[in-house]
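All remarks here apply to the structure that follows.
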Amino acid sequence: MSIRALPDLQSQLQQLVASPSVSATNPKLDMGNRGVIDLLAAWLETLGFNIQIMPIEGHPNKANLIATLGQGDGGLVLAGHTDTVPYDDDRWKSDPFKLSERDNRFYGLGSTDMKGFFPLAIEAAKAFAGKPLQQPLIILATADEETSMSGARALVKAGLPKARYAIIGEPTGLKPIRMHKGMMMERLRITGQAGHSSNPAYGASALEAMHTAMSEILKLRTEWQERYKNPGFAVEVPTLNLGCIHGGDNPNRICGHTELQFDLRPLPGMPMDALRGELHQRLKNVVSGEKIQLEMDSLIGGVEAFEEPAQSDLVQAAEKLTGHSAESVAFATEAPFLQKLGMQTIVLGPGDIDQAHQPDEYLGLERIDPMVEILKGMIGRFCL
């Protein structure tokens, strides 16, 4: 097939938006992403890319795509996720699955977060199709970034792709990002013994034990915020939010069970396993009793904090091409997983994060050409 057989950039985005790929923790809303993967695979094969589709274990309708132009283990990865968040249909002014152009913008679900990155990456890659690359160019498309990160975890498990550099096209407003906080969502369950409230000896209050546990969690939060600071972030300390709590069933019964869910946003240099270990030990030390049982688990696998050194070749090249110094963001990405695969990694994309996960999500047309030129510059720098 020839390059001419490729749909143009707008048509590509139109087809990607029209292929629903919602990723959700609610099974009733969750969808597969194979429609998006198959579109990208067909287009990239047209350009001469070698296509590898990696099914996600336990999810027959979900997959990653590793498309490689050129040979070798080095080179550059242009990466993005193919899933979107759920949507509020009644809050959209137009059909979220039909690309709509108005006000110099492309509207559609995933237009900025982040299906819109793929047509731009393909447009940049077209300039190098048929040229002898010294290092390979890889376009990577993943599953379930918005929920479990199962696609990124599968890549780490497989040790793929093998490359030296990676750009993740999440919405950053054309500015390179070299740091973001991590994300942990934890659950604490305390089981006591219910009984008549007229005599505390009849039971053991899970709610009172949870009060002790919450006090210890907040004390530990203060200690972490005194111990760890990074002025490169707008909120320079790690945050911990007590999100929701449930327990008990009646005022005249001793509370027999309660559950707390909270999230922690660690800074770079705060490994999740160490944080969980410290948290578990502290709670075991303060919450005790013959009739009290404490259980902790994680609601999600979590995402480590991310930091790429300011002096790395990739950061330096991105700053030169964009004209912006590398910054930090508060949201988490797949960057730590690509780093685990041995790649220098940055986050750099055309959209704006304030458009992500919103009704009437859009990508400004003025961002398209600059992003394509940046990607061409990075491909030329790291693949030729």
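Please treat every number below as a calculation from the coordinates, not as lab data. Note that this is a predicted model, so its numbers are computed, not measured. Cβ: placed from backbone, ideal geometry, glycine included. Neighbour counts: every protein chain shown.
Each Lys and Arg Cβ is given +1 and each Asp and Glu Cβ -1; about its Cα centre, the chain then shows a dipole of about 660 debye. Pairs from the table (28/229; 157/284; 98/320; 131/320) lying more than 29 angstrom apart at Cα are 28/229; 157/284; 98/320. Charged neighbours of residue 33, selected by a Cβ distance under 11 Å, balance to -3 (K, R count +1; D, E count -1). Listed by Cβ neighbour count within 10 Å, with the fewest neighbours leading, 180, 246 appear as 246, 180.
Across the stretch 101-110, computed HN-Hα scalar couplings (Karplus, 6.51 cos²θ - 1.76 cosθ + 1.60, θ = phi - 60°) run 9, 7, 6, 6, 9, 9, 9, x, 5, x Hz from first to last residue, x flagging Gly and Pro.
Distant-in-sequence amide contacts of residue 195, defined by a placed amide H-H separation under 5 Å and a gap of 5 or more residues or a different chain, comprise 254. Distance from the alpha carbon centroid of the stretch 192-257 to that of the stretch 292-371 works out to 32 angstrom. Membrane-span-like helices of the chain, defined as complete DSSP H segments with a Cα extent of 15 Å or more along the helix axis and a mean Kyte hydropathy of at least 0.0, are identified as 34-46, 368-383. Packing order of peptides 125-131, 223-229, 357-363, highest average first: 357-363, 125-131, 223-229 (average count of other Cβ atoms within 10 Å over each peptide's residues). Working note: 222 nm ellipticity from helices only, DSSP H runs with n ≥ 4, each -39,500 (n - 2.57), summed and divided by the residues of the chain, gives -9000 deg cm²/dmol to the nearest 500. Each residue of the chain gets 149 Å³ once the volume of the Cα convex hull is shared out per residue. Of the beta bridges in the chain, as assigned by DSSP with both residues counted there, near 70 percent are antiparallel. By the count of other C-beta atoms within 10 Å, a proxy for reagent exposure, 92, 43 are ordered fewest to most as 92, 43. The trypsin sites (Lys or Arg not before Pro) of the stretch 1-64 meeting both criteria, a DSSP state outside H, G, I, E and B (loop) and at most 12 other C-beta atoms within 10 angstrom of the site's C-beta, are 28.
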